[in-house]
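**Q** If you scroll down you'll find the structure; I have some questions about it.
The values are calculated or read from the model by the stated rules, or taken from the named source; none is laboratory data. Just so you know, these numbers come straight off a predicted model, no measurement behind them. Note that we place each Cβ from the backbone using ideal geometry, even for glycine, and neighbour counts take in every protein chain shown.
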Amino acid sequence: MSMDATSGWSRRRFLVTSGAGALGVLVGGCGSDKKREAIEATNSAVVKRERQRRVAGSRRKVVDLVAGATSLDLAGRVVQTVGYGGAVPGPEIRVQAGDELEVRFRNELSTPTTIHWHGLAIRNDMDGVPAMTQPQIGPGKSFTYRFIVPDAGTYWFHPHMGLDLDRGLYAPIVVESPDESIDYDSEATLVFDDWLDGIDGATPEQTYQNLVAKGGMNMGGGGMGGGGMGGMDHEMGGTITESMTDFGDVAYSLHLVNGRPPEDQLTVEAAAGSRVRLRLVNAGSDTVYRFAIGGQRMTVTHLDGFPIEPVKVDTVRLSMGERVDVIVQPTSGVWPMQAVPEGKPGSAAAILRTSDSHATVTPTMGDRLAEHDRRLFDDTKAKATEAATLKGDFPGRSIELALTGGMSSYTWGINGRSFGDHRPLEVEHGERVQVVLRNNTMMVHPMHVHGHTFALSGQRGARKDTVLVYPGKAVSVDLLADNPGQWMLHCHNTYHLEAGMATELSYVQ
Ligand code: C2O
Ligand code: CU
């Protein structure tokens, strides 16, 4: 069942006995049988929590935003798609932490939509999940999103309706703060995206159908080799490697940086030796990127918006939904900035050029850089800064979420259940819980939680709203339940989400 299948607003209440088996082990949890009531988005606790976010001297920032049909020029190949403000990506929103953001949104699409503010721990009723936090916004209808923006950092927004995540509806949102203790001379936002919409008639819907159909044919084949690619494998003509099946199912025709293919690269200009902050966003649907800059090292400063103790590396990996901020101090010259898809052909590329350089720009068209195979950033070893360290006591209990499913029938789920048939993960306001994400499948899953950030385990583990879980591996994270409401917790692979790899983080009382 797809997550937008429930179109009505009067959502059913999940009244579940505490300690429900499918949620896994409850360590020292309350063992009573009393029914607990879900704290819905309309609950006064949501308003009360919002009031606590208000800071003195904050302002209101008003933005008008339209979603609609648009055409996208991919180096001369024009495709019809959908986007915000007639552009792909949509216009970046900039706001100060603590300010109230008011987005007057109008849906000019032919289908219903909502906007989800990925990574921002905002009030539940503005989170943009249809049937869970708000009614879907019909064609021709408007909706005003209004919320206090809590934390500085790099975020993005996108619809939360079916396969629209694999179209052009996405844009960055950058939250600034005078308290951000990082100094840089200039900055650029690079949004990576795997693109198929409108190319040779491809659509996300057809791609999904192919995945389901091919998965079925692959049944009993023992392993996934050969069955993994959907949509466009007829164009690729090659064999599918093992890593391909681990990292993604779909071979994309193009990989874009800020809506531009390798044939039409964006150039970021900066003074040689100056500190350039790059805000990297993976808005892709089924592609994990590895980013590097030719001839340069980078210092990683933020993960999913939150600061870490800086780490110098050659290359960083970003799964779908993740953001990484890096600082680069370019030496004089023209340097390729390249995001290669893990286990897939192609590349997304842009150019970094210092202002003193007169060299001719030679765009990179596909080959990996030497830096891609040097020191890879490891987020499990990163430390949150003192200020960004997750607060609260040590977890009183541990909840295991098994990531389940496979290509054979293209059913993806959590604890063996697809969304709609899921058991919510219940928490009480104020508690800190450990969540163990255990990947029992043969593919990677970037697990994303709404309205919160996980802390990776260990002393001062990095704060992340999207955590990549490798095949056969488990990741334990801590979650502080400090934002009442009903929240999605799901895989950020668009096709896995559509197939039901999602559950609900549900505050109960
Ligand atoms: Cu960016 Cu529910 O996701
Ligand atoms: Cu997944």
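**Q** Looking only at region 366-385, how many residues end up being of a type in the set (A, V, I, L, M, F, W, C), under 19 Å from Tyr470 (Cβ atoms) and in contact with a Ser or Thr (Cβ under 9 Å, 6 or more places away or on another chain)?
**A** 2
**Q** Would you please list the contacts, defined by Cβ atoms under 6 Å and residues six or more apart or on different chains, that run from a residue in region 492-507 that is in contact (Cβ under 8 Å) with a residue 60 or more places away in the chain and within 11 Å of ligand 1 (Cβ to nearest atom) to a residue that is in a helix (DSSP H, G or I) and of a type outside the set (D, E, K, R)?
**A** Thr494/Leu165
**Q** Can you tell me which residue is farthest from Ile308 (Cα to Cα) among those in region 464-485 that are more than 14 Å from the chain's Cα centre (by Cα), among the aliphatic types (A, V, I, L, M) and part of a strand (DSSP E or B)?
**A** In this case the residue turns out to be Ala474.
**Q** Regarding region 214-224, can at least one residue be identified that is at pLDDT 50 or above and not charged (D, E, K, R)? Explain how you work it out, then say what you get.
**A** Quick first cut of region 214-224, residues at pLDDT 50 or above only: 214-215.
Subsequent filtering for residues that are not charged (D, E, K, R) retains 215.
Checked region 214-224: at least one residue is at pLDDT 50 or above and not charged (D, E, K, R).
**Q** Of all the residues that make up region 462-506, how many are away from ligand 2 (no atom under 12 Å from the Cβ), small (Gly, Ala, Ser) and out of contact with any helix residue (DSSP H, G or I) (no Cβ under 8 Å at 6 or more places or on another chain)?
**A** Qualifying residue count, region 462-506: 5.
**Q** With the requirement that a residue be surrounded by 20 or more Cβ atoms within 10 Å (Cβ to Cβ) and in contact with a helix residue (DSSP H, G or I) (Cβ under 7 Å, 6 or more places away or on another chain), what does region 409-425 give you?
**A** Tyr410, Trp412, Leu425
**Q** Looking at region 403-440, which of its residues are within 13 Å of ligand 2 (Cβ to nearest atom), in contact (Cβ under 8 Å) with a residue 40 or more places away in the chain and either hydrophobic (A, V, I, L, M, F, W, C) or out of contact with any Ser or Thr (no Cβ under 7 Å at 6 or more places or on another chain) (or both)?
**A** Matches in region 403-440: Leu403, Met407, Tyr410, Trp412, Ile414, Phe419, Leu437.
**Q** When the residues of region 62-84 are narrowed to those that are exposed (fewer than 14 other Cβ atoms within 10 Å of the Cβ) and in contact with a Lys or Arg (Cβ under 8 Å, 6 or more places away or on another chain), which ends up farthest from Ala348 (Cα to Cα)?
**A** Val62
**Q** To continue, here is another question. For Ala387, only one of the following conditions fails: (1) in contact with a Leu (Cβ under 6 Å, 6 or more places away or on another chain); (2) outside any strand (DSSP E or B); (3) among the small types (Gly, Ala, Ser). What is its number?
**A** Just one mismatch for Ala387, condition (1).
**Q** Could you say which residue among Gly140, Gly168, Gly98, Gly153 is on the phi > 0 side of the Ramachandran plot, buried (at least 24 other Cβ atoms within 10 Å of the Cβ), modelled with pLDDT of 95 or more and more than 16 Å from ligand 2 (Cβ to nearest atom)?
**A** On the way: Gly140 fails: buried (at least 24 other Cβ atoms within 10 Å of the Cβ); Gly168 fails: on the phi > 0 side of the Ramachandran plot; Gly98 fails: buried (at least 24 other Cβ atoms within 10 Å of the Cβ).
Result: Gly153 is the single residue among Gly140, Gly168, Gly98, Gly153 that is on the phi > 0 side of the Ramachandran plot, buried (at least 24 other Cβ atoms within 10 Å of the Cβ), modelled with pLDDT of 95 or more and more than 16 Å from ligand 2 (Cβ to nearest atom).
**Q** Please find, among Gly86, Gly128, Gly98, the residue that is away from ligand 1 (no atom under 16 Å from the Cβ), of a type outside the set (S, T, N, Q) and without any contact (Cβ under 8 Å) to a residue 60 or more places away in the chain.
**A** On the way: Gly128 fails: away from ligand 1 (no atom under 16 Å from the Cβ); Gly98 fails: without any contact (Cβ under 8 Å) to a residue 60 or more places away in the chain.
Sole residue among the options that is away from ligand 1 (no atom under 16 Å from the Cβ), of a type outside the set (S, T, N, Q) and without any contact (Cβ under 8 Å) to a residue 60 or more places away in the chain: Gly86.
**Q** So which pairs qualify, if the first residue must be in region 441-464 and within 20 Å of Asp393 (Cβ to Cβ), the second must be within 16 Å of ligand 2 (Cβ to nearest atom) and among the polar types (S, T, N, Q), the Cβ gap must be under 9 Å, and the two must be at least 6 apart or on different chains?
**A** Val449/Thr466; Phe454/Thr466
Rundown of residues vs (1) away from ligand 1 (no atom under 16 Å from the Cβ); (2) under 21 Å from Thr154 (Cβ atoms); (3) at pLDDT below 95; (4) under 13 Å from the mean Cα position of the chain (by Cα), yes/no style:
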{"site": "Arg423", "(1), (2), (3), (4)": "yes, no, no, no"}
{"site": "Val427", "(1), (2), (3), (4)": "yes, no, no, no"}
{"site": "Val433", "(1), (2), (3), (4)": "yes, no, no, no"}
{"site": "Met442", "(1), (2), (3), (4)": "yes, no, yes, no"}
{"site": "Met447", "(1), (2), (3), (4)": "no, yes, no, yes"}
{"site": "Ala462", "(1), (2), (3), (4)": "yes, yes, no, no"}
{"site": "Trp487", "(1), (2), (3), (4)": "no, yes, no, no"}
{"site": "His490", "(1), (2), (3), (4)": "no, yes, no, yes"}
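**Q** Here's another thing I want to ask about it. Please specify each residue of region 443-461 satisfying the condition of being within 11 Å of ligand 2 (Cβ to nearest atom) and either assigned to a loop (DSSP other than H, G, I, E, B) or among the basic types (Lys, Arg) (or both).
**A** Once the filter is applied, which keeps residues that are within 11 Å of ligand 2 (Cβ to nearest atom) and either assigned to a loop (DSSP other than H, G, I, E, B) or among the basic types (Lys, Arg) (or both), region 443-461 yields Met443, Val444.
**Q** Which one of these does Lys214 not meet: (1) of a type in the set (Lys, Arg); (2) more than 23 Å from the chain's Cα centre (by Cα); (3) within 16 Å of ligand 1 (Cβ to nearest atom)?
**A** It fails just one condition, (3).
Listed here are the residues, each with its yes/no results for (1) in contact with a Pro (Cβ under 6 Å, 6 or more places away or on another chain); (2) among the hydrophobic types (A, V, I, L, M, F, W, C).
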position	(1), (2)
Asp482	no, no
Trp487	no, yes
Asn493	no, no
Tyr507	yes, no
